[in-house]
Each structure stands twice: as C-alpha cells, then as structure tokens.
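This report refers to the structure that appears directly beneath it.
The values are calculated or read from the model by the stated rules, or taken from the named source; none is laboratory data. Everything numeric here is computed off the predicted structure, so don't read it as measured data. Note: ideal-geometry Cβ built from the backbone for every residue, glycine included; neighbour counts use all protein chains shown. Heads up: the accessible areas ignore ligands, DNA and RNA and are worked out on the full protein's heavy atoms, side chains in. Shrake-Rupley method; radii C 1.70, N 1.55, O 1.52, S 1.80 Å.
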Amino acid sequence: MLITHLPSGYILAKVLEKKFRHFQVSKKAFFATIMFGAVFPDLDLLYFYFFDSRSVHHHKYFLHWFSFWLVVLTISIIFFKIKRNKSKWAFLSILFCNAAIMHLILDGFVGDIWLFAPFIDKPFSLFNVPSQYDTWWLNFIFHWSFSVEILICLFALYLYFSKSN
C-alpha cells in the first residue's frame with residue numbers, strides 16, 4: 001500500500017483507545033506510538049535508496065519480516081507481564097509492534113511480502129498488480145486496489161472529524 005499506513009495507524013489507535021484508556025499513557029503518546037509503528041517498517045526505504053541502490057526489494061529487509069516483529073512483540077509482552085502491567089514502555093512497545101505488524105498485513109494486500117523470512121525466500125501477496133506502466137507507482141495508483149486505500153484514508157478522516165473525539 002502506498003498512502004494508507006499512517007491513516008490505518010490512526011484507525012487502529014481510535015479502535016483501541018477506549019479499550020486501553022485505563023493504562024497510564026497520555027492520549028498523545030498512545031496515538032503517536034501506534035501511528036509511528038504503522039509507518040516504521042518503511043524506514044528501510046532509506047537504506048533501499050541511499051545504500052542498497054535499489055538492488056533488493058525493500059520488503060526483504062528485516063523491518064518487513066513478521067518473524068522480527070513477532071520476536072520483539074513477544075519480548076515486549078514478557079517484559080510487560082514481568083512488570084505486572086506497570087511498565088508504560090512495554091505497553092507502548094506492544095502497541096508499536098502491533099501497528100508494525102498491521103503495516104506488513106496491509107503491504108501483503110497487493111505488494112509482495114516475504115511472510116516466512118528469513119526462513120523461506122518466497123514472496124506472497126493477496127492480489128497482484130500487473131506491470132503496465134514504466135513508472136512503478138502508476139501501476140498501483142491505476143489498479144482497483146487503490147480505491148481501497150482511498151476508502152481507508154476517508155474512513156480515517158471521518159473518525160478524525162467525527163464528534164467522538
């Protein structure tokens with residue numbers, strides 16, 4: 001997905017906000033953590049463009065591995081349980097990891113994700129975007145799946161401007 005990671009992070013934060021309001025975390029920290037986690041895996045694009053010369057698909061980097069995020073999530077949950085639900089940082093780490101995992105799930109909608117990396121080097125995607133244009137991103141914008149991205153963005157805007165804030 002091209003434009004939905006940040007709006008989907010906002011949607012996730014809105015959905016979880018009431019459920020986790022009893023934790024001693026400010027609303028700003030709660031939303032910022034989830035929204036940053038929702039875009040964080042794409043930080044590997046810096047390496048992709050500036051150091052790797054675009055030689056390896058950026059979804060092959062460890063920030064796009066489910067296994068990486070599951071390990072970090074597990075460590076965060078263990079630390080959270082050891083601290084008897086009192087660790088604000090472990091709680092925020094759990095939120096961050098879940099948002100990053102959501103990022104990977106969204107990427108798998110129409111983009112290749114290496115679901116079992118680093119153990120199996122095979123890409124998976126729910127739908128394929130055919131390459132019809134020389135400019136790669138035009139293939140995504142003119143594909144039907146981009147309307148799903150627009151709907152996600154519109155839903156995030158609806159939640160933002162609704163009276164439930």
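Summary of values
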read-out: Residue match in segment 82-100 (condition: β-branched (Val, Ile, Thr), closer than 29 Å to residue 25 by Cβ and within 17 Å of the chain's Cα centre (by Cα)); value: yes
read-out: The one condition in (1) modelled with pLDDT of 95 or more; (2) open to solvent by less than 80 Å² (accessible area, probe 1.4 Å); (3) under 16 Å from residue 123 (Cβ atoms) that residue 62 fails to fulfil; value: (2)
read-out: Matching residues in segment 21-48 - criterion: being touching a residue at least 40 places away in the same chain (Cβ under 8 Å), open to solvent by 40 Å² or more (accessible area, probe 1.4 Å) and not in a helix (DSSP H, G or I); value: 23, 24
read-out: Where a residue in segment 142-156 is over 12 Å from residue 11 (Cα atoms) and its partner, wherever it lies, is aromatic (Phe, Trp, Tyr) and surrounded by 11 or more Cβ atoms within 10 Å (Cβ to Cβ), with Cβ under 7 Å and at least six apart; value: 145/109; 145/127; 146/140
read-out: Tally, over segment 9-26, of residues that are farther than 12 Å from residue 160 by Cα and of a type in the set (Ser, Thr, Tyr); value: 1
read-out: Residue in segment 3-19 that is of a type in the set (S, T, N, Q) and either open to solvent by 70 Å² or more (accessible area, probe 1.4 Å) or more than 30 Å from residue 121 (Cα to Cα) (or both) present; value: no
read-out: Hits in segment 73-128 (condition: loosely packed, with under 12 Cβ neighbours inside 10 Å, out of contact with any helix residue (DSSP H, G or I) (no Cβ under 8 Å at 6 or more places or on another chain) and within 29 Å of residue 147 (Cα to Cα)); value: 122
read-out: Filter pass, residue 25 being modelled with pLDDT under 95 and among the β-branched types (Val, Ile, Thr); value: yes
